[in-house]
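Values quoted throughout were computed directly from the atomic coordinates according to the rules given, and no laboratory measurement underlies them. Everything numeric here is computed off the predicted structure, so don't read it as measured data. Cβ coordinates were reconstructed from backbone atoms using ideal geometry, including for glycine residues, and neighbour counts include every protein chain displayed.
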Amino acid sequence: MFRYIYAVFVFLVGVFPSSAQISNTPHNLSKTGTGTIKAFSETEICVFCHIPHNEREGAPLWNRKMPTTIYTLYNSEFISRIGYPDPVQPSEIEGQPGIVSRQCLSCHDGTVAIGAVYIVRGTELGNSIIQMQNVNPDGTMPSNSVGYIGTDLSVHHPVAVEYNPNIQKNFSQGAKTSELKRPFPDPPIKLYTYGGKQYVECTSCHDPHKENKKFLRVDVGNLAKDFKQTCISCHDKPGWTGSAHDTQTVVYTDPDVIQKYGEGSPVSVADLGCGNCHAPHRAGGTPLLRKFEEMTCFKGASSSTSTAPCHGTGGAKDIQSLLPPNNLYGHPITEASMAGIHSPLDFLYGFGSTETDPASGKTIKFSDSKHAECVDCHNPHSVKPGTHAPQNQWYPSVASPDGNNVSNPLIGIYGIEPVWGGLWTQPSQFQTLASATKEYQICMKCHSRWALGDSPNGDCTSSFVSDQDGTVLTDQSCEFSPNNKSAHPVVMPLNQMTGNYEPKSLSQDQLKPPWNSNPGNQTMYCSDCHGNDSETVNPKGPHGSQAKYMLKGPNKNWPADENGRLYKVGDIFGTSSDGGTTDGLFCVNCHNLENAEVHRFKGSGMMGGGMGGGGMGSRFADFPCVYCHVAVPHGSPVSRLIGYSNFPQPYNYNGNSLKLDGFVKNNFLRKWDAYSNSFTCRCHRMGGGMGGGNYDPNPYP
């Protein structure tokens, strides 16, 4: 008899880990428990889940009544778009996906009384339950309890979901994988096999018997470090190791974060890792973000921006205060009308794509899915420490062919590469990139035909206008095409532009450092021109500005000064009739305008007395820059960013500023109508005579 009793005791110890492991945890639901929810009189610990005989559906030796709930399941447009299996409804049948999670939910979903067990010491309770303290009148877990999950599983990490690291979505260049450890998670994470496939259950991450905060299987330090290591045991994010969110030592000052995650000790961004942005339970946004969209970036795990070492007002790298509405111009990250639209793979579905995946998903098109989010430009899993530009200058030092490569803050973000069309023609095709290598590939996801659609004029204009200043938005994949006659070298060095005429670049004396080094063989960033008001301090980048078009640098005005006066040719030399100067003129940040021969000719008083009195040169001095140059100086179908009178807005400033109808390099006046105060210009290379040289009218398409 003694041997029989001993054998039963050994069996129970083998099946149910020692109750000493849970006696000091909230899972001790007996009257001796230390948690708030516990029995009034029941002294057994294991009975709330297990029974050695006559067990019901569930394992091992399950004793609890199972919920019959139909749950709202986790849903992610991201996993749907890469073809990853959706979670399934947790089963009530042993041997099927979700059975283990439904066992956990028998307490945590709030539909079954905590004391609803089948048998206690050989007695079936029937409709009776063990009476508990601090529960709802029907015995269920209150919704304000720390462990309450509820029936909406969409805001919790998915369970009854397959673990499959082999699924991926192929792009034109590269692929997006499910980003899971191969072939299995790191120990001690546990998977469950059903029908030959591996699945995630609640107990994949949690051991309900373990004396550990949150019952996490991973136990490497405080809760912050356990949280981070639990996530990266399964999730293999490219570029994570050494990324900013993996290494930054700046700490939270929020006392709740310190107490909860640091257990009283300081908590840094590196300590919390994934937990800075993601919450496995009760997420505030998708996918499992702590807070809705950008507020996750601003607050992290904190309750306020000022106590978080993040990107909100008062944070370590404050970006929130740079964005509209705090600034007049900028990316509208916080705009309410754009809330809830974004998903990471929107960029796959622009103009030229024929479907979305899933069919109900959003796209990058302005026509139905216009949005701007932090993660459109930054990949929080791979972003590296550092800034977009050196500390001591307002533009990057990029006077080299590699100057448009992505910088540390932009590493790992999706992009597109246009398949370039003809002269001043919108590309008809785009390649989708799993990881952009050039900054412009990120910008053009939105600032091109891929998002803006076909031009109503058959050129580089779009049918959309800026919400901030009413300017017509333009297709930058059209403007920067290498087949155009001129463009700033954002896409490629000017000497490699196939549509450009010699000389393709300006001379060294027409440019300021660092651009006067090896001109024609340089590239540049979009953000060399567009950025925050002041980039002498961090963070840098085109987040927001008081300057129109987010122009940056010592001079931020174009084509007019802060009083609305158009800059004139004579401003360069102090010869304009109203005494204007180039103070504030954006172009002089990089260009020595006075060293351009045509400017010297037009700004001087030479040829005085002729052509209607007052001198042709002096009359030229009062010509605004936009009489000759396009007001959107990205590119032009004419050399030297010249524009013609038949150009549409916004290239033709206010629709009537451009005065030329022909141009040839280099610049020399051919016809001037002094009486109408306008002119027609046909120009040719210097030295060839009025009718000689390499003549090409540079017609507008």
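Here is how the numbers come out for the structure above:
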item	result
By average C-beta atoms within 10 angstrom, highest first, the peptides 279-288, 101-110	101-110, 279-288
Global form of segment 16-161, assessed from the alpha-carbon gyration tensor, a/c cut-off 1.5	prolate
Cβ crowding within 10 Å averaged over residues, with 321-330, 425-434 ranked highest first	425-434, 321-330
Rounded to whole Hz, the Karplus (6.51, -1.76, 1.60) HN-Hα couplings of segment 281-297, x for glycine and proline	9, 6, 5, x, x, 10, x, 6, 6, 4, 9, 6, 6, 5, 5, 5, 5
Selection from Thr536, Thr498, Pro90 lying farthest towards where the dipole of the chain points positive, charges on Cβ	Thr498
Mean Cβ count within 10 Å, highest first, over the residues of peptides 119-129, 586-596	586-596, 119-129
Other-chain or far-sequence residues with amide H under 5 Å of Leu511's (modelled H)	Asn592
Per-residue [θ]222 nm for the chain (sum of -39500 (n - 2.57) over DSSP H runs n ≥ 4, rounded to 500)	-3000 deg cm²/dmol
The chain - percent relative contact order, Cα under 8 Å, separation 6 or more	7 percent
Dipole of the chain, positive direction: furthest Cα of Cys478, Gly147, Ala59, with charges on the beta-carbon	Cys478
About the Cα centre, charge dipole magnitude for segment 254-334 (Lys/Arg +1, Asp/Glu -1 at Cβ), debye	140 debye
Most positive-pole-ward Cα, Leu452, Asn555, Ile442, against dipole of segment 429-575 from beta carbon charges	Ile442
Cα shape, segment 122-252, gyration tensor, a/c 1.5 rule	prolate
Whole-Hz couplings from phi, Karplus 6.51/-1.76/1.60, listed for segment 122-127; x for Gly and Pro	x, 9, 6, 7, x, 8
Amide H partners (placed H, <5 Å) of Phe430, local residues excluded	Val419
Nearest-20 debye value, the chain charge dipole, Cβ charges on Lys, Arg, Asp, Glu	700 debye
From phi via Karplus (6.51, -1.76, 1.60), per-residue ³J(HN,Hα) for segment 480-495 in Hz, x at Gly/Pro	9, 4, x, 8, 7, 6, 7, 5, 5, x, 7, 8, 7, x, 4, 5
Mean projected area (nm²) of the alpha-carbon convex hull when the chain is viewed from all directions	35.1 nm²
Interchain or long-range residues, amide H under 5 Å from Val267's placed H	Tyr252
